[in-house]
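Remarks on the structure that follows.
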Amino acid sequence: MMAARKETHDWRDALPAVRGRLSFDAPMAPFTWFRVGGNAEVLFRPVDLRDLTGFLAGLPETVPLTVIGVGSNLLVRDGGVPGVVIRLTGRFSAIEARNGTIIAGAGALDLTVAKTAEENGIAGLEFLSGVPGTIGGALRMNAGAFGAEMKDVTVSAEALDRSGRLHILSLADLRFTYRHCAVSEDWIFLAATLRGRLGASDDIARRMEEIRAAREEAQPQRVRTGGSTFANPEGHSAWKLIDAAGCRGLRRGGAQVSEKHCNFLLNTGDATAADIEDLGDEVRRRVQETSGVELRWEIRRIGMRKES
């Protein structure tokens, strides 16, 4: 389905035909938890794998390509995102339990995957109930929480390269390290096979409730945030470094460092993406100055800054 537009670039006039939804100058803020950011030049939501592979095969190599999930750990800059943004939903969110494993589409919510495992007596995936986002994003950043990471449960993953060719990736191929996966950024994860162990559903549910309660107690809830802002440096907790640098509650425009957990940045209501990013960079500067430790962004930042 094509959206009408007044002006286009030449490459947008020559995009491949699709059966999914193709939107031009699409607002991105509604797709992020921060609720900030500019427009994507093109937003594509394919209906199925054939739709996606056909689109990739016909997309010029020169057009930038970005893939997003539910925007839980994403900051879209105010100047918007050049090229094509792909968002996987619908059939890409399917989940299947099979012989003690879970096969989950890249668009499946981590929490839904954890609940499916619980319903099928598969233990070991409870930590995913504490990871906001989708399986595709979890693969991309080796997401982890409450003592476990994707590298501990992933058997294999499926991905498309930039030209639309399918690849089956083993755990070794993914080369997981702390909050990082070595697969090329322009490859699109489609699904993952995750292995747990047999367990009692009641015990699994109890552990998931413990995780929910711990998150409720320690992290800001029902606010516009983006999850953990910075990765923990080796041997340190990011929040402790931020607190020691005097950044708890620090503000920049409409952005604020959370008083409850200072490794979370908040949109208090009228923040711009620049407010949030500038606040994060100020936190990094102060931590470097006080502790000598350099914080690395865990939140993914995409797009261009808006010209003033």
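The values are calculated or read from the model by the stated rules, or taken from the named source; none is laboratory data. Keep in mind the model is a prediction, meaning the values are calculated, not measured. Virtual Cβ from ideal backbone geometry, glycine too; neighbours counted across all protein chains shown.
Structure summary
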| quantity | calculated |
| --- | --- |
| Filtered residues of the stretch 229-240 (kept if touching a Phe, Trp or Tyr at 6+ places or on another chain (Cβ under 7 Å) and either in a loop (DSSP other than H, G, I, E, B) or in the same structural domain as residue 127 (by TED's automatic domain parsing) (or both)) | 229 |
| Tally of residues being β-branched (Val, Ile, Thr) and buried (at least 21 other Cβ atoms within 10 Å of the Cβ) across the stretch 87-104 | 1 |
| Pair list, Cβ under 6 Å, 6 or more apart: the stretch 197-218 residue basic (Lys, Arg), other residue at pLDDT below 95 and surrounded by 12 or more Cβ atoms within 10 Å (Cβ to Cβ) | 215/130 |
| Selected residue (criterion: surrounded by the fewest Cβ atoms within 10 Å (Cβ to Cβ)) from residues of the stretch 241-267 that are in a loop (DSSP other than H, G, I, E, B) and touching a residue at least 40 places away in the same chain (Cβ under 8 Å) | 246 |
| Which numbered condition residue 184 misses (of (1) assigned to a helix (DSSP H, G or I); (2) closer than 17 Å to residue 106 by Cα) | (1) |
| Failed item in (1) surrounded by 22 or more Cβ atoms within 10 Å (Cβ to Cβ); (2) free of Cβ contacts under 8 Å to residues at least 24 places away in the same chain; (3) outside any strand (DSSP E or B); (4) of a type outside the set (Asp, Glu), with residue 288 passing the rest | (1) |
| Filter pass, residue 35 being out of contact with any His (no Cβ under 8 Å at 6 or more places or on another chain), of a type outside the set (Ser, Thr, Tyr), more than 24 Å from residue 165 (Cα to Cα) and not assigned by TED's automatic domain parsing to the domain that holds residue 280 | yes |
| Condition check for residue 44: buried (at least 17 other Cβ atoms within 10 Å of the Cβ), in contact with a Leu (Cβ under 9 Å, 6 or more places away or on another chain) and over 25 Å from residue 223 (Cβ atoms) | yes |
| Test result for residue 55, at pLDDT 95 or above and either acidic (Asp, Glu) or part of a helix (DSSP H, G or I) (or both) | yes |
| Any hit, the stretch 64-83, residues being crowded, with 17+ Cβ neighbours inside 10 Å, within 28 Å of residue 16 (Cα to Cα) and polar (S, T, N, Q) | yes |
| Test result for residue 63, of a type outside the set (S, T, N, Q), part of a loop (DSSP other than H, G, I, E, B), under 22 Å from residue 135 (Cα atoms) and over 18 Å from the mean Cα position of the chain (by Cα) | no |
| Among the residues listed as 94, 138, the single one being touching a residue at least 12 places away in the same chain (Cβ under 8 Å) and more than 24 Å from residue 229 (Cα to Cα) | 94 |
| Unmet criterion (only one of (1) within 27 Å of residue 303 (Cβ to Cβ); (2) outside any helix (DSSP H, G or I); (3) under 20 Å from the mean Cα position of the chain (by Cα)) for residue 103 | (1) |
| Count of residues meeting criterion [surrounded by 12 or more Cβ atoms within 10 Å (Cβ to Cβ) and either in a helix (DSSP H, G or I) or not assigned by TED's automatic domain parsing to the domain that holds residue 127 (or both)] in the stretch 187-205 | 4 |
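This table checks each residue for (1) within 20 Å of residue 221 (Cα to Cα); (2) in contact with a Gly (Cβ under 8 Å, 6 or more places away or on another chain); (3) of a type in the set (Gly, Ala, Ser); (4) assigned by TED's automatic domain parsing to the domain that holds residue 236.
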residue	(1), (2), (3), (4)
260	yes, no, no, yes
264	yes, yes, no, yes
267	yes, yes, no, yes
274	no, yes, yes, yes
284	no, no, no, yes
296	no, no, no, yes
307	no, yes, no, no
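For every residue, the table says whether it meets (1) touching a Pro at 6+ places or on another chain (Cβ under 6 Å); (2) among the acidic types (Asp, Glu); (3) within 14 Å of residue 33 (Cβ to Cβ).
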{"site": "258", "(1), (2), (3)": "yes, no, yes"}
{"site": "267", "(1), (2), (3)": "no, no, yes"}
{"site": "279", "(1), (2), (3)": "no, no, no"}
{"site": "289", "(1), (2), (3)": "no, yes, no"}
{"site": "296", "(1), (2), (3)": "no, no, no"}
{"site": "300", "(1), (2), (3)": "no, no, yes"}
